[in-house]
Amino acid sequence: MESNAPIGVFDSGVGGLTVVREIMRQIPGEEIIYFGDTARLPYGSKSKETIIGFSRQIVKFLRTKEVKAIVIACNTASAFALETISQENEIPVVGVVGPGAKVAVEATKNGKIGVIGTFGTVNSNIYTQYIRDINADIQVFSKACPLFVPLVEEGWLYDPVTIEVAERYFSELKSYGIDTMVLGCTHYPLLRHTLQKVIGEEVTLVNPAYETAISLKRVLQENNALRKDALPEHQFYVSDGAERFQSFANTILPCRVIETTDINIEKY
Ligand code: DGL
């Protein structure tokens with residue numbers, strides 16, 4: 001593995017930037033090539049076959065940049081495509097679901113965990129499987145919250161409309177007495193303050209991004225592939241709306257994004 005090579009990270013849109021932010025905090029020397037599939041978002045309502053097809057195209061594009069590892073910074077694509085993408089590529093592929101499940105199990109005290117995510121992630125049951133593999137006694141209550149993704153893409157992070165939507169989604173979850181809730185979609189950490197207010201301060205919110213960055217760091221260390229060059233030059237690509245993406249990215253990331261390129265991902 002070429003240690004100075006970049007890391008490929010992808011999501012359906014801006015959500016994966018919450019994972020990029022953690023990677024930048026924890027392994028700041030690493031160079032990132034990010035792709036947001038803004039033209040084909042949302043992923044959460046699409047079939048497994050479609051998401052595997054999209055993921056294959058994106059990985060093919062990222063590999064033209066000679067990346068040394070791939071991070072699937074999207075829960076839906078992690079749920080549907082992690083296995084296939086890992087099998088088809090000889091470089092390490094890291095998803096967000098395993099790391100998120102691990103943190104949730106460590107965080108819960110009463111053994112009742114809520115998971116919110118897209119239809120795809122929730123219906124795949126992937127979090128329940130990962131959590132119960134670690135501790136079969138834990139109860140998992142899941143709720144698909146598809147409207148959160150467009151609200152984030154719209155930038156309505158603290159809007160009364162977002163609060164109302166969250167109240168409707170969470171009314172049932174609240175009745176189960178969960179003490180931990182996994183933000184099982186990479187868009188959701190951007191709504192963290194609003195979601196915390198609605199679910200209640202006593203519930204621990206789990207953002208899988210932090211543990212995902214730790215997993216990535218571990219994988220790079222094991223392969224003796226942590227980057228040695230200073231001053232990484234990150235690159236950002238989207239399938240539509242580069243300008244809009246870039247201004248959003250600049251509100252999320254600790255570095256300044258000065259260029260975002262639109263590409264035709266269907267070509268790959
Ligand atoms: N951010 C993605 C996830 O973590 C998908 C959102 C979407 O496109 O529906 O699931």
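Checking every residue in region 4-19 against the condition of being open to solvent by 20 Å² or more (accessible area, probe 1.4 Å) and either within 12 Å of the ligand (Cβ to nearest atom) or modelled with pLDDT under 95 (or both) gives at least one match.
Taking every residue in region 41-53 that is among the small types (Gly, Ala, Ser) and pairing it with any residue that is more than 6 Å from the ligand (Cβ to nearest atom) and open to solvent by 60 Å² or more (accessible area, probe 1.4 Å), at least 6 positions away or on another chain, the pairs with Cβ-Cβ distances below 8 Å are Gly44/Phe119; Ser45/Phe119.
Yes or no: Ala144 within 12 Å of the ligand (Cβ to nearest atom), open to solvent by 10 Å² or more (accessible area, probe 1.4 Å) and over 14 Å from the mean Cα position of the chain (by Cα)? Yes: the conditions hold for Ala144. Could you list, in sequence order, all residues of region 105-125 that are free of Cβ contacts under 8 Å to residues at least 60 places away in the same chain, open to solvent by 30 Å² or more (accessible area, probe 1.4 Å) and either within 16 Å of the ligand (Cβ to nearest atom) or of a type in the set (Gly, Ala, Ser) (or both)? Of everything in region 105-125, those that are free of Cβ contacts under 8 Å to residues at least 60 places away in the same chain, open to solvent by 30 Å² or more (accessible area, probe 1.4 Å) and either within 16 Å of the ligand (Cβ to nearest atom) or of a type in the set (Gly, Ala, Ser) (or both) turn out to be Asn123, Asn125. Across region 217-257, what is the total count of residues that are out of contact with any helix residue (DSSP H, G or I) (no Cβ under 7 Å at 6 or more places or on another chain) and either in a helix (DSSP H, G or I) or touching a residue at least 12 places away in the same chain (Cβ under 8 Å) (or both)? Residues meeting the conditions: 28.
Looking only at region 138-174, residues that are more than 15 Å from Gly117 (Cβ to Cβ), among the aromatic types (Phe, Trp, Tyr) and in contact (Cβ under 8 Å) with a residue 24 or more places away in the chain come to 1 in all. Among residues belonging to region 29-43 that are of a type in the set (A, V, I, L, M, F, W, C) and closer than 17 Å to Cys185 by Cα, point out the one that is farthest from the ligand (Cβ to nearest atom). Only one residue fits best here, namely Phe35.
Restricting to region 218-268, give me the number of residues that are among the charged types (D, E, K, R) and either under 18 Å from Ile27 (Cα atoms) or in contact with a Leu (Cβ under 8 Å, 6 or more places away or on another chain) (or both).
Counting residues in region 218-268 that are among the charged types (D, E, K, R) and either under 18 Å from Ile27 (Cα atoms) or in contact with a Leu (Cβ under 8 Å, 6 or more places away or on another chain) (or both) gives 7.
The residue that is nearest to Asn4 (Cα to Cα), among those in region 68-94 that are open to solvent by less than 10 Å² (accessible area, probe 1.4 Å) and more than 16 Å from the ligand (Cβ to nearest atom), is Lys68. Where helices (runs of 4 or more DSSP H) fall entirely within region 28-147, those with at least 2 residues that are among the basic types (Lys, Arg) are at 48-63.
The values are calculated or read from the model by the stated rules, or taken from the named source; none is laboratory data. Since we're looking at a predicted model, the values are computed, not measured. Positions of Cβ are generated from backbone atoms using ideal geometry, with glycine treated the same way; all protein chains shown enter the neighbour counts. Protein only, heavy atoms only, side chains kept; ligands, DNA and RNA dropped before computing areas. Shrake-Rupley method; radii C 1.70, N 1.55, O 1.52, S 1.80 Å.
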